[in-house]
Amino acid sequence: MLSGHDFLMATSAVENLDGDAALNLTVSIDSAKTVLVPAELYTSEMAEGYLAVNDKAAGEGEKCVAAVAAGIVAVMAVDERIVRLLGSNPLWRVTYTSPLLEGVVSYTRAVRVTLTADNTHIVVSDHGKLLYAEVFATTEPDNILFVMTKLCEIMSIANFETRVAGPEAQAVATMLAEVMTDCKAV
């Protein structure tokens, strides 16, 4: 188990693939050790520093990987065994992504709350402009409500379109409806 995902199953599937097959693999990283950096400020040499300055430093046995979308780079700490396994075949083109990169909405003022097994990813955007993004190492509805209440106070986002996805999305959306006027589970 790695960050709530059964990577052993995925590892088994990868190991059973034809070694001579060219593959494009996209790996979504669910890690509380994730930060976003504007693409124009990102350098791979500083990847570990971006995490460290945000109190999310890569630990022993972890490696930094990056994902890019719409001018934003997600820097993530990942178990180095995963990176090694996925990089072991020169015919595989591996790209990484993060739930934080998938939360920016271009058509409205939006809050996206994505629940995973161990983490909560919150992204606030205004017609495609990223206003806030963070990963919290919790999925407890009371903790999420606390964070969202504080964000509403600080950022005045109570009227933003709010969508909650993942395990227990309905329970969390019902609780968030106390502070968010347009909140739905998807």
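Summary of computed values
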quantity	calculated
Qualifying residue in segment 100-108 (condition: under 20 Å from the mean Cα position of the chain (by Cα) and among the small types (Gly, Ala, Ser))	yes
Positions within segment 131-159 being touching a Gly at 6+ places or on another chain (Cβ under 9 Å) and in a strand (DSSP E or B), in sequence order	ALA133
Every residue from segment 27-58 that is farther than 20 Å from GLY87 by Cα and either among the hydroxyl-bearing types (Ser, Thr, Tyr) or part of a loop (DSSP other than H, G, I, E, B) (or both)	ALA32, LYS33, THR34, TYR42, THR43, TYR50, VAL53, ASN54, ASP55, LYS56, ALA57
Which listed residue, of LEU91, LEU115, LEU145, LEU86, is in contact with an Asp or Glu (Cβ under 8 Å, 6 or more places away or on another chain), assigned by TED's automatic domain parsing to the domain that holds ALA66 and of a type in the set (A, V, I, L, M)	LEU91
GLU45 being in contact with a helix residue (DSSP H, G or I) (Cβ under 8 Å, 6 or more places away or on another chain) and at pLDDT 95 or above	no
Restricting segment 127-144 to residues that are free of Cβ contacts under 8 Å to residues at least 40 places away in the same chain and crowded, with 17+ Cβ neighbours inside 10 Å, the residue that is nearest to THR34 (Cα to Cα)	GLU134
Cβ pairs under 6 Å, 6+ apart, first in segment 58-73 and within 14 Å of THR43 (Cβ to Cβ), second loosely packed, with under 15 Cβ neighbours inside 10 Å	VAL73/ALA39
Single condition PHE7 does not satisfy, out of (1) closer than 30 Å to ASP182 by Cα; (2) modelled with pLDDT under 90	(1)
Qualifying positions in segment 160-186 - part of a helix (DSSP H, G or I) and surrounded by fewer than 13 Cβ atoms within 10 Å (Cβ to Cβ)	GLN170
Whichever residue in segment 50-88 is among the basic types (Lys, Arg) and over 15 Å from the mean Cα position of the chain (by Cα) and, among such residues, is surrounded by the most Cβ atoms within 10 Å (Cβ to Cβ)	LYS63
Subset of segment 109-156 (residues that are under 17 Å from the mean Cα position of the chain (by Cα) and of a type in the set (Phe, Trp, Tyr))	TYR132, PHE136
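The values are calculated or read from the model by the stated rules, or taken from the named source; none is laboratory data. Quick caveat, the model's predicted, so the values are computed rather than measured. Positions of Cβ are backbone-derived with ideal geometry, glycine not excepted, and every protein chain shown enters the neighbour counts.
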